[in-house]
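Notes follow the structure.
Values quoted throughout were computed directly from the atomic coordinates according to the rules given, and no laboratory measurement underlies them. From a predicted model like this one, the values you see are computed outputs, not experimental measurements. Reconstructed Cβ throughout: ideal geometry from the backbone, glycine too, with neighbour counts over all protein chains shown.
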Amino acid sequence: MSFEFECTNVVPGCEGKVSGETVEEVLGKAAEHAKETHGLAPLDEATVDKVKASIVAVS
């Protein structure tokens, strides 16, 4: 099983997607995306919570 995050769930209109084998890996990739694409670093706790809630398991 792997996991996926679509940025548009937190930043409407953003087409960024990240995936990984663990939730922690996806969180790390999402944080890097947020830094590089949106200039957000570090992520505040509320944003991390939104990202976590948007991560889904994929087959």
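Assigning unit charges at the beta carbon (Lys, Arg +1; Asp, Glu -1) and nothing else, what dipole magnitude in debye, to the nearest 20, does the stretch 2-58 show about its Cα centre?
For this selection, approximately 100 debye.
Counting other Cβ atoms within 10 Å, which GluC sites (Glu not before Pro) in the chain have at most 16 and lie in a DSSP loop?
E15, E21
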